[in-house]
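Just so it is clear, none of the values below were taken in a lab; they were calculated from the coordinates. Just so we're clear, the structure is a prediction, and the values are computed from it rather than from any experiment. Glycine gets a Cβ as well: all are built from the backbone with ideal geometry, and neighbour counts include every protein chain shown.
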Amino acid sequence: MTRAVRAHCLWGHVALAMSLGACAGETRTVLPHPELTPGARANLELARVQQIALPDYGVLNPDEFAGVAPDPGRRLIYVGTRAGSLLALSMETGEVVWEQQFPGAISSVPKLAADGELMLLGTDNGDLMAIELDTRKTRWSYSTLGTIRNEPLVRGGTVFVVNSRDQVFALELTTGAWRWQYEQPYPTEFTVHGHAGLSYLEAEVTQAPDQAASASAISAEAVLGEGGANEEEAAETSGDAPAEGDDAAAAGNAAPASGAAAPATGALAGGAAAPGTGSTPAGSGEAAGGAGHGSAGGKAGATTGGAGSGQAGGKGPPGPPTGTIFTGFSNGKVAAIGAQSGEPMWLANVAPPAGGDFVDADGTPLILGDRGELVVTGQSTGVYGLALADGLQRWYRPLRGAGSVAAGPRGLMIVASALEGVFALEHDGRVRWRQQLNPGFVQTPLIVGDIAFIAHSDDGLLAYDVETGEFLANLNTGSGISGPPVYDGELGRFYTMSNRGMLVVFRTVEDDARGFVRGAVESVPSVR
């Protein structure tokens, strides 16, 4: 029996299993675009499908946003559920090795610290917990006022995390002591589900002397028009020159599209007093104990075994590392924040000039260090290439509903929008190819070798050739996928959770004739 026949046979059994796991009365989004051909499904081979969370048939369209964290050293994978369960499963068999229950849904991806001793886990209750993997005890927890669904970022002895209330925290890794926080005013208008994660640059961004001298306020604004629709359509179908007005903007002064002015993004010194900058935790009753030191007491603080974990005087652990944190906010602002001080280095605005609803900058910034660029997205505007040093616009691509941009091979970038489809962009914003998607929630693309995997809340997992845009595979779980797919390079497997609580483990089937994965079979890293 050939591999293709085996794959098709396996898909028949999987389809039956998944249909049994789906709710008979579940409604799905009406699909305006043709069904994808099932022929490409032979390129994906199921390794295991198992029910992790009990289906809640009282919910018409459930969502499981949690991702899987592989732990090769212990031969385990960790995954949370919206019921508040955290499970550790055997990599090989899927057997539940241990399980813990927490208050509040777990809709995040667990993060293992570099030493392998701690797992950092965010909850929808707004708690960030540090769990000792050997004892499975919670070493400390830190409470915030918003949900935590993005993966924490760990550098040295500091953990950085952002919540849904547009607050960024820097905490001491071993104790959870507060070091600094930065926040933007939370908008009162409608916002899109989700929030940008954090990206980290080892170096600090620098400002020119004239920018530092004008640091009376930080108010970088992106001034965007609504023109350029016809030109955009013409540019979508080829890799030729972009639509008129889409050339890279010199120093942020060129118009990105017909009728659209370039954003007047500015940069100001990190020492400036900025709106939304928090030198003490909001509502926590805490006072900073000097650079790199924690604090004591307060509601939004760290606790160890139920007791306060702040420090009172004396020499504390080393402070946060030197570097720059980049993230976006629900009001459309994008910030470069000093990792050591928590002060903003510059702000840019990717919201439309008229403001309104759904102006979020929800995409996790992508750092292109070799080009000195930061790639960010605005929900109502599009994709921007900004200068790392000062936030000035270099190029712009109109694209409604764009999420996080993922770095691909040979200088390509992949971005998905539930409104406009999947795009491969070149580094000046030109469109290499585009594929239409059905309406629904789409996750950040996962790039492995030459394949872009897109999780879709209705259609499951979709796979495209990064170079050409060719549709390669569709893994339809029967209830869609809202959480991020995760690749385990050691076993060469992918993990994802369906919306009905099924853990799906699969691998690609390489076609010797056409080279399904032409590049190295490893994730293309972005700087996070």
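Laid out as a table, the results:
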{"read-out": "Label-point separation, Asp370 to Thr135 (7 Å along Cα→Cβ), nm", "value": "4.6 nm"}
{"read-out": "In nm, spacing of pseudo-spin labels at Glu490 and Gln101 (7 Å Cα→C-beta vector)", "value": "3.1 nm"}
{"read-out": "Peptides ranked, highest mean first, by Cβ atoms within 10 Å: ranges 414-421, 487-494", "value": "414-421, 487-494"}
{"read-out": "Peptides 442-451, 495-504 ordered by average Cβ neighbours within 10 Å, highest first", "value": "495-504, 442-451"}
{"read-out": "Förster radius 51 Å - calculated FRET efficiency between Glu92 and Ala203 (Cβ-Cβ, nearest 0.05)", "value": "0.80"}
{"read-out": "FRET E, pair Arg74, Thr322, Förster distance 25 Å, beta-carbon r, rounded to 0.05", "value": "0.15"}
{"read-out": "Dipole moment magnitude, nearest 20 debye, segment 329-461 about Cα centre, only Lys, Arg, Asp, Glu C-beta charged", "value": "300 debye"}
{"read-out": "Contour minus Cα-Cα distance for Ala83 and Asp428 (0.36 nm per residue)", "value": "119.9 nm"}
{"read-out": "Separation of alpha-carbon centers, segment 161-176 and segment 399-441, rounded to whole Å", "value": "30 Å"}
{"read-out": "Mean Cβ count within 10 Å, highest first, over the residues of peptides 101-107, 163-169, 352-358", "value": "163-169, 101-107, 352-358"}
